[in-house]
Amino acid sequence: MVDRNGCGHDRPVLTGSPRSPPPSFVEQANVSDPGIYDEFEENWPECWERAADLLSWRKPYETVLDDENAPSYQWFPDGTLNAAENCVDRHLESGRKTHTAIRWEGKHGERKTYTYRDLYVAINEFAAALRDLGVEEDDVVTIYLPMIPELPIAMLSCARIGAPHNVVFAGLSADALATRMDAADSEFLVTCDGYYRRGDAFNQKSKADNARLKLEQDVSTVVVDRLGDDLPHVLGDDEYDYHELRETFAGETIDPVPREAEDMLFLMYTSGTTGEPKGVVHTTGGYLSHAAWTSHAVLDVKPEDTYWCAADIGWITGHTYIVYGPLALGTTTVMYEGTPDYPDRDRLWEIVDRNAVDIFYTAPTAIRAFMKWGSEYPAGHDLSSLRLLGTVGEPISPRPWNWYYEHIGNEECPIVDTWWQTETGAVTVSTLPGVSEMKPGAAGPGLPGMDVRVVDSTGTEVDSGDSGYLTIARPWPGMARTLYDGDKRFQAEYWDRFSDPDTDDWRYFSGDTARIDEDGYITVLGRIDDVINVSGRRLSTTEIESAITGVAGVAEAAVVGRSSETNGTDVYAYVSTEGGYDDDAAVREAIIDSIETAIGPIARPTEILFTPELPKTRSGKIMRRLLEDVANGHELGDTSALRNPEIVGEIQAEIGEE
Ligand code: WTA
């Protein structure tokens with residue numbers, strides 16, 4: 001076992017009995033020839049033309065891969081294309097203009113349907129408005145919107161005029177928005193008045209206003225009126241109403257700007273090893289090719305499908321698999337604004353039933369919740385339209401996997417357990433549903449053309465059955481090209497650990513640990529860095545700690561992950577106050593406030609434990625690993641090397657009393 005820093009390493013990692021894909025699925029699958037693995041292997045990197053050829057290129061590429069400046073690889077570098085043209089315009093030309101592009105399901109049962117033609121009109125008008133506001137090619141436009149149709153419309157409008165978008169999850173705080181806008185030098189913001197959270201109107205614009213106050217640059221802001229009279233708002237200087245802009249530019253068309261394949265399509269901030277979020281840079285050609293290819297080969301998307309990825313577009317899963325992948329393939333993508341249990345726990349199944357959804361893709365956290373609520377909720381609906389199920393974001397253990405297979409898929413739908421990251425752009429490890437056997441609890445092998453390896457600390461591949469670090473030894477089209485603040489951090493974060501620049505041997509390190517079996521199937525175990533995965537969302541423990549230590553009266557804090565039945569991992573915070581031990585309700589409240597202000601409610605700890613001191617090494621380093629063991633009730637190793645070993649017993653006693 002490698003360093004036990006991450007979360008969940010001690011959870012059982014057994015895989016369930018293998019299952020073959022149903023023959024009826026294989027017969028119709030986009031990819032069903034097992035020869036595809038050899039084909040990609042023998043013909044690498046040209047094999048990736050299969051992905052690029054799913055797109056329409058303005059200027060065809062001649063070079064597939066340029067590795068001159070590794071690890072900043074370039075894919076299809078001499079080709080040009082436009083992502084919005086690929087996701088919208090070309091489907092009009094192929095006679096699909098009345099086909100539904102986006103089927104939107106609102107929180108309160110409202111519904112909207114955008115055909116490809118509707119989407120075309122919307123993105124042309126909004127692209128014209130953005131231009132008029134002064135957005136030029138390569139200007140970063142920040143989008144801070146909940147799951148409403150204006151979110152993908154704004155993204156595609158940006159793509160049309162070659163302005164990279166920087167979507168910030170709507171649930172993040174004003175501070176988090178300001179940090180991301182500042183880091184991205186962004187002078188344009190698209191937001192809304194507010195949105196409904198559960199039943200209540202929630203003010204988003206005031207968060208955006210507060211963020212703008214913290215920024216040095218002037219910001220032009222577009223506000224979507226989502227709530228109407230439920231939350232009146234006033235527009236200030238340099239603020240514009242989305243619907244009025246659309247009216248002003250009604251009927252305008254904007255030629256899609258041809259972008260070089262390597263031009264930035266978007267930026268996406270994600271948590272890293274330090275408190276500073278990382279601005280992951282994705283390009284137009286490689287990213288879109290990989291998004292389209294994996295939607296085709298892994299999610300089996302066909303133009304005539306109704307496809308639903310129940311994620312939020314504010315994170316990478318929604319970018320790739322609600323917007324870019326499915327729209328590039330011309331399918332119908334479902335977009336859901338609400339939560340799975342409102343107004344009732346059968347909400348998702350009602351949507352599947354009513355829309356006759358063919359493909360459903362969600363996260364293990366959701367599946368564990370469905371399992372807990374009981375099979376009567378899906379059983380009350382006709383789910384027979386489903387053909388394929390997917391999961392992403394966290395490890396899924398065999399029990400919820402089997403529940404999903406049985407109660408949602410009726411044992412007739414293959415499940416793809418897809419491992420990937422913000423940085424990989426699109427799915428990297430997964431079975432191919434029309435080819436491979438599934439093993440509940442293991443994501444699968446690397447996709448064709450991917451060279452995924454589990455290695456020990458020297459970079460040598462581990463034996464099957466063993467665990468190690470999850471690395472990728474060859475580039476792939478959807479990979480992040482750099483971080484917005486520079487190549488240096490990009491190399492330090494992902495490449496330095498296992499690469500040898502002297503021999504030009506570049507290995508991408510994911511930050512995850514994994515086990516590999518005799519068939520090359522990978523079971524992801526957890527992260528080795530200071531990132532925890534709460535309900536499939538990446539949070540930085542350092543960032544949470546700094547929000548806690550910012551509270552008056554707090555001396556020190558250590559944040560760790562605790563395994564949780566429902567969330568995968570919960571946030572667990574140890575805090576020592578300046579006065580020594582002080583379980584003070586006011587401090588507790590201030591801590592929660594500070595975390596919600598710095599990051600957002602998603603980072604709120606499940607537990608805050610006050611302790612007189614934190615366990616430390618003799619050199620004064622907080623022993624987070626030990627605290628994680630304590631939080632998880634694990635047996636502790638030798639603690640005698642600590643400067644203050646007695647504190648561990650005190651903390652354990654404290655937890656025991658709760
Ligand atoms: C975790 C989400 C196990 C992993 C697409 C990774 C998974 C991080 C899986 C990336 C999976 C994602 N099985 N773990 N199928 N998929 N992860 O950037 O730790 O939000 O490094 O991208 O989620 O999270 P991110």
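Rule-based calculations on the coordinates, nothing more; no lab input. Note that the coordinates shown come from a computational prediction; the quantities given were computed from them, not determined experimentally. Note that each Cβ is placed from the backbone with ideal geometry, even for glycine, and that neighbours are counted across all protein chains shown.
Stretched out fully, how many nm does the piece from E607 to D502 gain, at 0.36 nm a residue minus the Cα gap? Intermediate values should be presented prior to the final figure.
Values: separation 105, 0.36 × 105 = 37.80 nm, distance 4.71 nm.
Additional length available on full extension: 33.1 nm.
Roughly what would the spin-label model give for E216 and D200, points 7 Å off Cα along C-beta, in nm?
A separation of 3.7 nm, rounded to one decimal place.
If you stretched the chain out fully between T248 and E635, how much longer would it get, using 0.36 nm times the residue separation minus the C-alpha to C-alpha distance?
Values: separation 387, 0.36 × 387 = 139.32 nm, distance 6.61 nm.
Roughly 132.7 nm would be gained on extension.
Taking R0 as 51 Å, what FRET efficiency do you get between S32 and D593 from their Cβ-Cβ distance, rounded to the nearest 0.05?
0.40
Dipole size in debye (nearest 20) for segment 530-656 around its Cα centre, Lys and Arg Cβ +1, Asp and Glu Cβ -1? If you can, show how the numbers build up before the last one.
Numbers: 11 positive and 22 negative charges, 103 e Å.
Here segment 530-656 has a charge dipole of around 500 debye.
In segment 302-367, what GluC sites (Glu not before Pro) fall in a loop by DSSP, with at most 12 other Cβ atoms inside 10 Å?
E304
Quick test of the membrane-span-like rule: which DSSP H helices of the chain reach at least 30 Å along their long axis (C-alpha atoms) with mean Kyte hydropathy at least 0.0?
none
Using the structure shown, list the pairs from K107/K372; K207/K488; K112/K205; K278/K616; K205/K278 with a Cα-Cα distance above 27 Å, or answer none.
Details: K107/K372 23 Å; K207/K488 33 Å; K112/K205 23 Å; K278/K616 29 Å; K205/K278 25 Å.
With Cα atoms farther than 27 Å apart: K207/K488; K278/K616.
What is the calculated FRET efficiency for A653 to S619, with r their C-beta to C-beta distance and R₀ = 25 Å, to the nearest 0.05? The partial results should precede the final answer.
On the way: r = 26 Å, r/R0 = 1.06.
According to the calculation, E is roughly 0.40.
Which of the listed residues, Y324, F490, G409, is farthest toward the dipole's positive end in the chain, when Lys, Arg count +1 and Asp, Glu count -1 at the beta-carbon?
Going by the Cα projections, it comes out as G409.
P(r) of segment 562-658 in 5 Å steps, Cα pairs, percent per bin?
Per 5 Å bin, starting at 0, the Cα pair percentages come out as 3, 12, 21, 23, 21, 14, 6, 1.
Could you check the spin-label model distance between D255 and R111? Points 7 Å from the Cα along Cα→Cβ, value in nm.
Between D255 and R111, the label points sit 4.0 nm apart.
With Rg and the Kirkwood Rh both taken from Cα atoms, where does Rg over Rh land for the chain?
My calculation of the ratio gives 0.95.
Cut-off 14 Å, label point 7 angstrom out along Cα-to-Cβ of E437: give me the residues of segment 506-538 whose amide nitrogen falls inside.
517-522
Tell me the label-point distance for the pair D238, T460, using the 7 Å Cα-to-Cβ offset, in nm and rounded to one decimal.
Taking the two extended label points, one gets 5.9 nm.
Work out how much length E406 to N43 would gain on full extension: take 0.36 nm times their residue separation and subtract the Cα-Cα distance, in nm to one decimal.
On the way: separation 363, 0.36 × 363 = 130.68 nm, distance 3.84 nm.
That pair, E406 and N43, stretches by 126.8 nm at full extension.
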